[in-house]
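Some notes on the structure that comes next.
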Amino acid sequence: MSEAVAHHDDLHDHKPTGIGRWLFSTNHKDIGTMYLVFALIMFFVGGAMAMIIRAELFQPGLQYVDPLFFNSMTTMHALIMIFGAVMPAGVGLANWLIPMMIGAPDMALPRMNNMSFWILPFAFAMLLSTLFMSGGAPNGGWTMYPPLVTQLNDAFPFLIFTVHFLGISSIMGAINIIATVFNMRAPGMSFMKLPLFVWTWIITAFLLIASLPVLAGAVTMLLTDKYFGTSFFDAAGGGDPVMFQHIFWFFGHPEVYILILPAFGIVSQIIPTFARKPLFGYESMVYATASIAFLSFFVWAHHMFTVGMPLAGELFFMYATMSIAVPTGVKIFNWVATMWKGSMTFETPMLFAIAFVMLFSIGGFTGLMMAITPVDFQYHDTYFIVAHFHYVLVPGAVFALFAAIYYWLPKWTGHMYDEKLGKLHFWLSVISVNVLFFPQHFIGLAGMPRRIPDYNMQFAEWNMISSLGGFVFGLSQLLFVWVVIKCIRGGEKASDQVWEGAHGLEWTLSSPPPFHSFTTPPRVTDAVAHS
Amino acid sequence: MLFIKLRNILCACLALTVLTFPGPVLAEYGLNLTQGVTPISREVYDLHMTILWVVTVIAILVFAVMFWSIFHHRKSKGAVAAQFHHSTGAEIAWTIIPILILVAMAVPATQVLIKMEETEDTEMTIKITGYQWKWHYDYMNEGFDFFSALDETSNTIRQLKSGLNPDEHENYLLEVDNPVVVPVNTRIRLLTTAADVIHAWWVPDLGWKRDAIPGFINDNWTYIEEPGTYRGQCAELCGRDHGFMPIVLKAVSKEEYADWADEMKLAAAAAADESGKTFTMEESMAKGEDVYKTQCAACHQANGEGLPGAFPALKGGAIATGDLPGHLDIVINGKAGTAMAAFGGQLNDAELAAVITYERNAWGNDTGDLVQPADIKAAR
């Protein structure tokens, strides 16, 4: 921090110490750190729930938990991992990196930044408190389909208001990111010079602003259906339970890309660095990301092919969904072409990025299979789907987040992380995640529905193997925490450039960077712009 | 030396793992989608295999290029990075070729989908209604209907910490008390709907699943070619016992089906007669216990103690020991906004009378109330 003082002599630059530094922080780095720490805590809370799920599914028969509690675990695991772990981790990275990447001193709206973070601990305290309520925590699935969700007891209003708070927090975060990138770029930093991580976050921010109010509307209608006598989703009162699913997935599908687009951005930063070669097809990456985001508003009903839509509807959503494979394919090909004829080294961030490209692709391929409506009638709501979305979210989004932490941690802390332990974390994770999720393809195709606590013997072997993979994957993440703590406490001094092949403004700052990133705007030349 | 030792340990571990899996069970698990027993299910399977091969080949090609690069273009091998960053030709190719593959895939998919959605010209209709947590089958052309719930053996084994081994029941969780029976080589219309929350009716061998949604009726059809017993499960999360409402579909010859249907009609007539009868306390308690086990025990538990917070206790509870009209009302009409269903539409007068008698006298409730079918008729 002493460096920061030397950089900056603004009288308003008050820096509270102790707990006040965090409670009242308006600094993009401190807030980014809080987001990341919060996401890590939630990753372990949601992970503990996953461990309960996998323990119960280790063998047929009910050994540990009541089915209702099992349903609470699947519901809460999803809500916590999506809204508490992956999304906040993405926002944390955006906070840390966007000002440093565009040559700005901080985010455009620092007080709102503070508020959008501090809503989260309260929202999740509210959600987690439902575990101790009469009737238990939400257990109707994270998709909250009525009429089932309205059978929930005391936890119901807590669920609805948690969703509202999370939505408000995310929208504020999105507004801040858009305001920052549109107004605070350094001279010469034109849009087409922005690093891809910044690009993917602008697009993600627009997706957040467009989709979260829709979710807020849907859950508000649930609330009035339960407590105020309306019948939006109650057929007996002239409503339509399927309408909720349409509204929910109009939010839900863009949400999927909210989780994955920042991951695309991260990988597009890391692969060129370790291939020592510019990103292949920068423009097409930007356009592909934008088209994926645009298309995401026209494919929602592929999550609900089995509700009984008219043929024309099923055909439209099948074709629209298949078309997403084109821009997604472009991105994969671009990453592979970036590696082609590079001069590659395989430090931990690169290992995670390569695993991302391969394993995300596997999730993408099963996604394409599900787009084929007549076959989706078989796949729908089975473990095949569970395998698909975990492939895109765990070795997809989560691996990209790991890659990002390993990649930028030396910049943030000024120390190199322990490369040996990092690589151990990678190999443990990449092997166990496949042992965990690959067998789920088999049990799904063989006919095991999702969200069930018990099953017939025919599914026993692969469930046991999957659970074993799950336990190893869960434990391996403790190693990650140790690597991060060790790196924060000390280690080999990191240079400003950190990585031999790194390009971009953040690498021109000191490691660790000053409190206010760029107090005088840097001059952006092609040499320091995106690689 | 060390490597040889490690290799031996690894081999031993693998052999042990394989050996410890029970042999016969190992052979049973499936890895792939079933081909099923209808013309549509086979077409669905073919589509599945086609798209699986398409993505497998693409995956092998893309990953091969990537790994070639990883092995050959590495700094440790002295590779010097090229500095190209686009190639219009390649980019056009990898946009156009995927589009062509997708169009080629969309054509057969569209054809199969159109066939699946043609629900006309069926020879018989069964209306399937999902309940928490059982299925109701209404043979609309025959005039009989029945409920189908998890079989008692599975239900005993699946209780939390039952200590019983699911391995001893071959069709654990995939067996029901009353299977749905259909004739082979008949175009059957299957309507799906639900009485409480959304369920989904799924028998993988038919090649599709369809949601059962309260207030909506979805229509589907099937044409089973091979006699046999086909098993499935509810596929849409529907509450606590979502995992415990299987489907067993028996496809039999047309003659066998006709015999079975005649029996069912006779049984329906006998049940209707019961509603005029007067029961003794013993008869009522015995019948009531049976009804309670299949209809009520899933929530209120066999011991009547319920689950605190989720499902209220009947043992010593305010309803079961309170005034009789209140008890009749909640059983017949249900309670809005909770999982308590309106059983008036599900059970006949004799069954309702018996189960209410049972609830008012079992577990030490001992109110002494004996409810007769006539009381139910009056209360409806």
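The values are calculated or read from the model by the stated rules, or taken from the named source; none is laboratory data. Quick caveat, the model's predicted, so the values are computed rather than measured. Note: ideal-geometry Cβ built from the backbone for every residue, glycine included; neighbour counts use all protein chains shown.
Listing for the model above:
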{"read-out": "Search result, residues across region A:213-240 that are of a type in the set (Ser, Thr, Tyr) and closer than 17 Å to A:PHE251 by Cβ", "value": "A:THR220"}
{"read-out": "Out of A:PRO105, A:PRO146, A:PRO99, sole residue that is on the phi < 0 side of the Ramachandran plot, at pLDDT below 95, touching an Asp or Glu at 6+ places or on another chain (Cβ under 8 Å) and not hydrophobic (A, V, I, L, M, F, W, C)", "value": "A:PRO146"}
{"read-out": "Where A:MET107 falls short, out of the listed (1) assigned to a helix (DSSP H, G or I); (2) closer than 18 Å to A:TYR35 by Cα", "value": "(1)"}
{"read-out": "Some residue of region A:179-186 being among the small types (Gly, Ala, Ser) and in contact with a strand residue (DSSP E or B) (Cβ under 8 Å, 6 or more places away or on another chain)", "value": "no"}
{"read-out": "Filter result for A:GLY252 (small (Gly, Ala, Ser) and away from every other protein chain (no Cβ under 14 Å))", "value": "yes"}
{"read-out": "Filter result for the condition that a residue is surrounded by 18 or more Cβ atoms within 10 Å (Cβ to Cβ) and more than 14 Å from chain A (Cβ to nearest Cβ), over B:ILE247, B:ILE224", "value": "B:ILE224"}
{"read-out": "Residue that is farthest from the other protein chains (Cβ to nearest Cβ) [pool: residues in region A:206-249 that are of a type in the set (Val, Ile, Thr) and part of a helix (DSSP H, G or I)]", "value": "A:ILE209"}
{"read-out": "Region A:314-364: number of residues that are within 7 Å of chain B (Cβ to nearest Cβ), under 27 Å from A:HIS425 (Cα atoms), of a type outside the set (A, V, I, L, M, F, W, C) and not in a helix (DSSP H, G or I)", "value": "3"}
{"read-out": "Odd one out for B:HIS300 among (1) surrounded by fewer than 18 Cβ atoms within 10 Å (Cβ to Cβ); (2) without any contact (Cβ under 8 Å) to a residue 40 or more places away in the chain", "value": "(1)"}
{"read-out": "Of the criteria (1) more than 9 Å from chain A (Cβ to nearest Cβ); (2) within 34 Å of the chain's Cα centre (by Cα); (3) among the hydroxyl-bearing types (Ser, Thr, Tyr), which one B:THR56 fails", "value": "(1)"}
{"read-out": "Matching helices (runs of 4 or more DSSP H) fully within region A:370-483 where at least 2 residues are among the small types (Gly, Ala, Ser)", "value": "A:399-413, A:419-445"}
{"read-out": "Where A:ALA312 falls short, out of the listed (1) over 30 Å from B:ILE217 (Cβ atoms); (2) among the small types (Gly, Ala, Ser); (3) surrounded by fewer than 23 Cβ atoms within 10 Å (Cβ to Cβ)", "value": "(1)"}
{"read-out": "Odd one out for B:TRP221, checked against (1) within 30 Å of B:ILE356 (Cβ to Cβ); (2) in contact with a Lys or Arg (Cβ under 9 Å, 6 or more places away or on another chain)", "value": "(1)"}
{"read-out": "Residues that are farther than 18 Å from A:PRO278 by Cβ and in contact (Cβ under 8 Å) with a residue 60 or more places away in the chain, drawn from region A:324-353", "value": "A:PHE346, A:GLU347, A:THR348, A:LEU351, A:PHE352"}
{"read-out": "Total residues in region A:1-28, condition at pLDDT 75 or above and under 17 Å from A:ALA104 (Cα atoms)", "value": "3"}
{"read-out": "From the options B:ALA82, B:ALA90, residue that is in a loop (DSSP other than H, G, I, E, B), more than 30 Å from B:ARG42 (Cα to Cα) and at the interface with chain A (Cβ under 9 Å from one of its Cβ atoms)", "value": "B:ALA82"}
{"read-out": "Residue pairs meeting the criteria (Cβ under 6 Å; at least 6 apart or on separate chains; first within 15 Å of A:LEU421 (Cα to Cα), in region A:482-499; second assigned to a loop (DSSP other than H, G, I, E, B))", "value": "A:VAL483/A:TYR417; A:VAL483/A:ASP418; A:LYS486/A:ASP418; A:CYS487/A:TYR417; A:GLY491/A:MET416; A:GLU492/A:MET416"}
{"read-out": "Boolean, B:ASP205 is charged (D, E, K, R) and assigned to a loop (DSSP other than H, G, I, E, B)", "value": "no"}
{"read-out": "Of all residues in region B:317-339 being free of Cβ contacts under 8 Å to residues at least 40 places away in the same chain and within 14 Å of chain A (Cβ to nearest Cβ), the one that is surrounded by the most Cβ atoms within 10 Å (Cβ to Cβ)", "value": "B:GLY334"}
{"read-out": "Residue within region A:402-415 that is of a type in the set (Lys, Arg), under 24 Å from the mean Cα position of the chain (by Cα) and either surrounded by fewer than 24 Cβ atoms within 10 Å (Cβ to Cβ) or within 14 Å of chain B (Cβ to nearest Cβ) (or both) present", "value": "no"}
{"read-out": "Per-region count, region B:168-192, residues facing chain A (nearest Cβ under 10 Å) and either in a strand (DSSP E or B) or in contact with a Gly (Cβ under 9 Å, 6 or more places away or on another chain) (or both)", "value": "4"}
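Yes/no matrix, rows are residues, columns are (1) surrounded by 15 or more Cβ atoms within 10 Å (Cβ to Cβ); (2) over 16 Å from the mean Cα position of the chain (by Cα); (3) polar (S, T, N, Q):
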site	(1), (2), (3)
B:ILE96	no, yes, no
B:LYS115	no, yes, no
B:GLU120	no, yes, no
B:GLN132	yes, no, yes
B:HIS136	yes, no, no
B:PRO179	yes, no, no
B:ALA194	yes, no, no
